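The structure appears right after this line, and notes come after that.
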Amino acid sequence: MKRSTVNDIIRDADTFIRSFGYIMPPFAYWSPEDMKARRQDSSAIFSSRLGWDITDYGQGKFSELGLFLFTVRNGRYEDMKRGMGMLYAEKIMISRKDQLSPMHRHNIKAEDIINRGGGKLVLELFMHDRDGGIDPKAEVSVPVDGTIHRLPAGGLLKLDPGQSVTLLPGVWHAFWAEGKDVLIGEVSTVNDDLTDNVFREPIGRFADIDEDVAPLHLLVSDYEKWVG
């Protein structure tokens, strides 16, 4: 993806998020220079990988296959192992109309996916088999706001604004927006996008960036290169 495209997506996303009354934390608007200057006193932003995250899954067709994310808060796996501390994470995301977030599952993370507003959020769901792969036959059972919903393997769950679904580790899911763009909330256990995403297809998690202009704001995938 071109950096100029990433900058435009950030601007558009900020406007879309604000239209639903959701206000981003102040560090969302720090410049790359601010991020470098605050490296020491704001180390948790970098170690927890908080911030902007825009992906085309390395396929170069963001409008068809992609997702906008912003990680607002995130704990540490070390705390999960101890069973105490900051065991949770929160993201705000945008799925554009008919834009696919591809089939994947998590080994550790449990998550609530919430339709915060816009169109319908559609999820294609499968259970896992004993090897962790997709079970093409098993019935899917997931809680939607505390009420169990049962679907056939590969069934489509459609969430209206305000509805949410709980996905436990191992549940395969792909999703997209139907009708119009959707603002998505995610509340989960600790999130690790470097190691805890298992995709059905061999694709990447982060976009390759063509630096045609300076970054408006850094992505989480920029931190190592730009901040160190």
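The values are calculated or read from the model by the stated rules, or taken from the named source; none is laboratory data. Because the structure is predicted, anything quoted here is derived from the model rather than measured. Glycine also receives a Cβ, built like all others from the backbone with ideal geometry; neighbour counts cover every protein chain displayed. These area figures cover heavy atoms from the full protein model, side chains too; ligands, DNA and RNA do not enter into them. Shrake-Rupley method; radii C 1.70, N 1.55, O 1.52, S 1.80 Å.
Based on protein heavy atoms only, the chain ends up with 48 Å² per residue of surface accessible to a 1.4 Å probe. Global size of the chain: 17.4, 53 Å for Rg and Dmax (C-alpha atoms, Rg to one decimal, Dmax whole).
Summarising the label geometry, the points placed 7 Å from Cα in the beta-carbon direction at TYR88 and ARG38 lie 2.3 nm from one another.
Quick check: from the Cα gyration tensor, does the stretch 33-97 come out rounded (a/c under 1.5), prolate or oblate? Here the stretch 33-97 falls in the oblate category. Counting 0.36 nm for each residue step from PHE27 to SER63 and taking away their Cα separation leaves a gain of 10.3 nm. Reducing the stretch 84-142 and the stretch 171-203 to their Cα centroids gives an inter-centroid distance of 5 Å. Rolling a 1.4 angstrom probe over the stretch 141-228 with all protein chains present gives an accessible area of which 54% lies on carbon and sulfur atoms.
Relative to the longest principal axis of the Cα atoms of the chain, the long axis of helix 3-18 lies at roughly 70 degrees.
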